[in-house]
1. Once neighbouring chains are kept in place and the probe is 1.4 Å, which whole percent of the accessible area of the stretch 85-125 is contributed by carbon and sulfur?
2. Given 0.36 nm per residue, what is the gain on full extension from ASP60 to PHE115 after removing their alpha carbon distance, in nm?
3. Filter the trypsin sites (Lys or Arg not before Pro) in the stretch 22-62 to those in DSSP coil with at most 15 other Cβ atoms within 10 Å of their Cβ, and list the result.
4. Under 26 Å Cα to Cα from LYS196, which lysines show up? Leave out anything in the same chain fewer than 8 places away.
Amino acid sequence: MSEQPDPMSMRASDADRERVAQVLHQAMAEGRLTVSELDERLVGLYQAKTFGELVPFTRDLPDVPTVLPAVPAASGQVAPMVGGAGTSTASLAIMSSSVRSGEWVVPPQYSATAFMGEVKLDLREASFEAAECAITATVIMGEVKIIVPPDLTVQINGVGIMGEFERAADGPGAPGSPVLRINGMALMGAVSIRRKPRKNSPRQLRG
């Protein structure tokens, strides 16, 4: 059985370096870094070649997710990949329906709200902006349906009030997979989370 690669030794892309640069610019705007500190870090950042070399530039900043590549799972499949910028931050259905599927990027924080309507999120072809992402599902007399692939790590912490917040899909995924936390509330409605096989073969991360 082949040994799994160390994610930190894998080569980073220009997009990966740019995402770290955006974090540094935001830290400077918040007063966490001086202008000279920002300049110094940016010089080193754009010379970084691997994911491990990106880590020190944001290690002392709060609430910064580690940038990681996709890692081959033990089965030979590829775990859901980490990389890219979030496609959108919310789905809303008010007496209507909203569907998000196909190839899209889940941001670190995503909200799905259904009021007398239905939201469907299909994550089988999705990638994840960060190693840990969260979906907050809020339902009032409606339903939020979330479909996740078998190799994704899922942690569910929602509550049902005269409704149902399913937990059957809660559990670990493939080694190296990102973590998806699903929380929120179902009031006289339902949040259903189901694991289903991928439609296509898993995609490799492109640098």
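The values are calculated or read from the model by the stated rules, or taken from the named source; none is laboratory data. All values derive from a computational prediction rather than experimental measurement. Neighbour counts run over all protein chains shown; Cβ positions are idealised from the backbone, glycine included. When the accessible area is computed, the model is the full protein with side chains, heavy atoms only, and any ligands, DNA or RNA have been set aside. Shrake-Rupley method; radii C 1.70, N 1.55, O 1.52, S 1.80 Å.
1. Answer for the stretch 85-125 is 53 percent, counting heavy atoms of protein chains only.
2. Difference between extended and current length: 15.7 nm.
3. Counting only loop positions with at most 15 other Cβ atoms within 10 Å, the trypsin sites (Lys or Arg not before Pro) in the stretch 22-62 are ARG32, LYS49, ARG59.
4. Within the straight-line limit of under 26 Å, LYS196 reaches these lysines: LYS120, LYS145.
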